[in-house]
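The values are calculated or read from the model by the stated rules, or taken from the named source; none is laboratory data. This structure is a prediction, so every number in the text was calculated from the model and none was measured. Please note: Cβ atoms are built from the backbone with ideal geometry, for glycine as well, and neighbour counts cover all protein chains shown.
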Amino acid sequence: MRNIIDRDVDTLRNRLHGSASLPGDKDYDQTRSLWNGDIDNRPALIARCQDAQDVATAIRFGRDRNLELSVRGGGHSFSGASVCDGGLMIDLSQQTTVTTDPAAHRARCGGGTTLAALDAATQQHAQAVPAGTVSHTGVAGLTLGGGFGWLTRKAGLTCDNLLGAEVVTAGGDILTVNAQEHPDMFWAIRGGGGNFGVVTNFEFQTHDVGPEVQIGLFFWSADQGREALRLMNEVGTSMPNDMGALMAGMNAPPAPFVPPAYHFAPGYALLVAGFGSADEHARLFDDMRAVLPPLFELVSPIPYAGLQQLLDDTAPWGALAYEKAHYLEGLSSGVIDVIMKQMPRKTSPVSFTPMFNLGGAYAAVGEDDTAFGGGRSINMVFNITAMAQTADTLQADRVWARRFWQDLIPYATGGAYINFMSEYDESRVRATFGPKYDRLARIKAQYDPDNVFHRGINIKPQP
Ligand code: FAD
């Protein structure tokens with residue numbers, strides 16, 4: 001295999017506007033790197049594609065030689081689906097151009113753009129595309145799978161704000177995809193993942209956001225856990241739609257806003273982002289303090305771009321990670337019992353359980369308007385994130401995450417967010433999409449009958 005590729009690589013290089021790398025080339029290791037340091041896949045060949053034509057060239061080159069293909073956007077897939085072991089990796093990291101049309105509330109970006117770059121461009125006009133909570137994440141994988149973040153309750157998922165895309169199919173065709181052109185594909189790429197082709201350009205609707213927003217971070221001790229979780233659940237479900245909340249069982253980080261005595265203390269955190277008035281924000285916190293005073297807090301205005309980067313250091317590149325998730329109706333007393341039982345059992349101080357509250361604009365989108373799986377009436381995405389610096393600690397918390405997840409099954413809706421799955425489990429994927437699965441499988445059969453894009457959460461073609 002190696003010899004065939006070595007001989008052929010000049011052919012590919014001559015056809016690409018971008019470049020191609022082999023193991024040993026100077027940019028090879030950097031280009032194949034993933035956020036999840038637990039995965040060390042080594043493609044036989046990397047095509048660094050500058051545009052849609054390059055992607056079409058790479059797809060044809062790989063298919064002609066029976067190479068497995070993978071597509072790397074921002075490299076944050078927990079499972080490592082974007083970087084194949086052997087095979088041909090299509091790298092989009094050079095496709096990062098962002099353009100905006102503030103009057104029309106539109107933004108376009110390339111298939112390898114990070115959230116940070118999209119935020120930087122849209123915030124020039126005090127606008128934003130609703131996206132995730134860690135700014136080095138890729139726009140592509142996040143959007144194709146859904147996209148939860150601070151603005152979900154105010155403006156929906158990232159995929160709900162997608163207006164169109166440029167997609168290169170498994171056959172090498174370059175399609176313009178939107179509500180009028182290839183509407184079936186447009187439906188499928190809003191939640192169905194990277195199964196249908198390589199997206200080289202996204203067009204989004206933007207919203208007026210910032211430049212300054214409000215944050216409130218509250219941290220309660222492990223002893224206050226039961227009351228804190230009850231309070232967080234109440235706040236998360238009753239707060240106005242122009243607020244977003246992320247809750248977590250976690251150890252307090254050694255951050256400047258955490259008093260040194262509480263660095264690494266186990267407990268429960270609530271981070272609220274407010275996009276309305278500072279007064280509305282302050283009132284919510286007055287009420288919360290009266291019910292359950294926290295161990296420490298931070299309430300402050302912050303630039304929206306700063307909010308988007310606030311959690312970056314909690315999830316650094318190269319961390320070893322494993323993730324499992326559920327959709328829940330909320331934090332019932334049964335769920336709280338499981339959390340109180342399992343949180344003390346984790347080994348790594350950086351393993352944590354981030355939970356997103358839903359509702360608002362998320363719930364207002366029609367069930368069949370997008371392919372997104374899981375249902376618009378669920379109230380919460382519950383993640384169990386094992387994260388560590390050594391393989392042994394990760395292994396201990398991988399076991400912890402699986403047991404925790406198992407204990408929550410009686411309270412879960414059955415599906416899970418596909419972007420928070422470290423492992424592909426066909427029955428979970430089918431449960432996530434429910435009746436949408438068969439429609440996705442038919443669209444897959446139309447655009448990728450040979451299942452070329454099969455890595456990750458795979459929808460199998462079904463004519
Ligand atoms: P990649 O690894 O590049 O790709 C992920 C998948 O998408 C792969 O299957 C890949 O082949 C496919 N793909 C990538 N680019 C393309 C493309 N252009 N066309 C077609 N297919 C493509 N999710 C949230 O919703 N909200 C969050 O707040 C959030 N925070 C996160 C924080 C961290 C630290 C991490 C690691 C993940 C987070 N996620 C979050 C999950 C995230 O949405 C997924 O991991 C997502 O798949 C990452 O996309 P990517 O482009 O960076 O990853």
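Those helices (runs of 4 or more DSSP H) of region 386-463 in which at least 1 residues are within 15 Å of the ligand (Cβ to nearest atom) and of a type in the set (Phe, Trp, Tyr), considering only elements entirely within it, cover 436-447.
Find the residue count for region 162-207, including only residues that are of a type in the set (D, E, K, R) and closer than 17 Å to ARG442 by Cβ. Quick ask: steps written out before the conclusion?
Residues of region 162-207 that are of a type in the set (D, E, K, R), as a first pass: 166, 173, 181, 184, 190, 203.
When the remaining residues are screened for being closer than 17 Å to ARG442 by Cβ, the result is 184, 190.
Summing the residues that are of a type in the set (D, E, K, R) and closer than 17 Å to ARG442 by Cβ in region 162-207 gives 2.
Contact map, region 236-248: residues that are of a type in the set (Asp, Glu) paired with residues that are not in a loop (DSSP other than H, G, I, E, B), Cβ distance under 9 Å, separation 6+ or inter-chain. Pairs shown: ASP242/ARG153; ASP242/LYS154; ASP242/GLY274; ASP242/GLU280.
Looking only at strands (runs of 3 or more DSSP E) that fall completely inside region 49-114, which ones have 1 or more residues that are closer than 19 Å to THR137 by Cβ and away from the ligand (no atom under 13 Å from the Cβ)? Step through it out loud before you land on a result.
On the way: elements: 69-72, 88-91, 98-101, 106-110.
Here the list reads 98-101, 106-110.
For PHE382, the conditions (1) without any contact (Cβ under 8 Å) to a residue 60 or more places away in the chain; (2) over 27 Å from ASP313 (Cα atoms); (3) within 16 Å of the chain's Cα centre (by Cα) all hold with the exception of (2). State whether one or more residues within region 36-45 are more than 25 Å from LEU175 (Cβ to Cβ), in a loop (DSSP other than H, G, I, E, B) and of a type in the set (S, T, N, Q). Within region 36-45 (the criterion being more than 25 Å from LEU175 (Cβ to Cβ), in a loop (DSSP other than H, G, I, E, B) and of a type in the set (S, T, N, Q)), the answer is yes, since at least one residue qualifies.
Taking the conditions exactly as written (at pLDDT below 95 and polar (S, T, N, Q)), does SER238 satisfy them or not?
Values: at pLDDT below 95: yes; polar (S, T, N, Q): yes.
Taking the combined requirement at face value, the residue satisfies it.
Taken over region 118-131, the residue count meeting the criterion of being outside any strand (DSSP E or B), of a type outside the set (Val, Ile, Thr) and within 13 Å of GLN308 (Cβ to Cβ) is 7.
The residue that is surrounded by the most Cβ atoms within 10 Å (Cβ to Cβ), counting only those in region 308-338 that are within 13 Å of the ligand (Cβ to nearest atom) and of a type in the set (Asp, Glu), is GLU323. With respect to the stated conditions, ALA282 fails to be over 26 Å from the mean Cα position of the chain (by Cα), at pLDDT below 95, part of a helix (DSSP H, G or I) and closer than 23 Å to ILE336 by Cα.
The set of residues in region 247-279 that are modelled with pLDDT under 95, of a type in the set (Gly, Ala, Ser) and either in contact with a strand residue (DSSP E or B) (Cβ under 8 Å, 6 or more places away or on another chain) or buried (at least 21 other Cβ atoms within 10 Å of the Cβ) (or both) comprises GLY276, ALA278.
If you filter region 339-360 down to residues that are within 15 Å of the ligand (Cβ to nearest atom) and of a type in the set (A, V, I, L, M), you find that the one that is surrounded by the fewest Cβ atoms within 10 Å (Cβ to Cβ) is VAL350.
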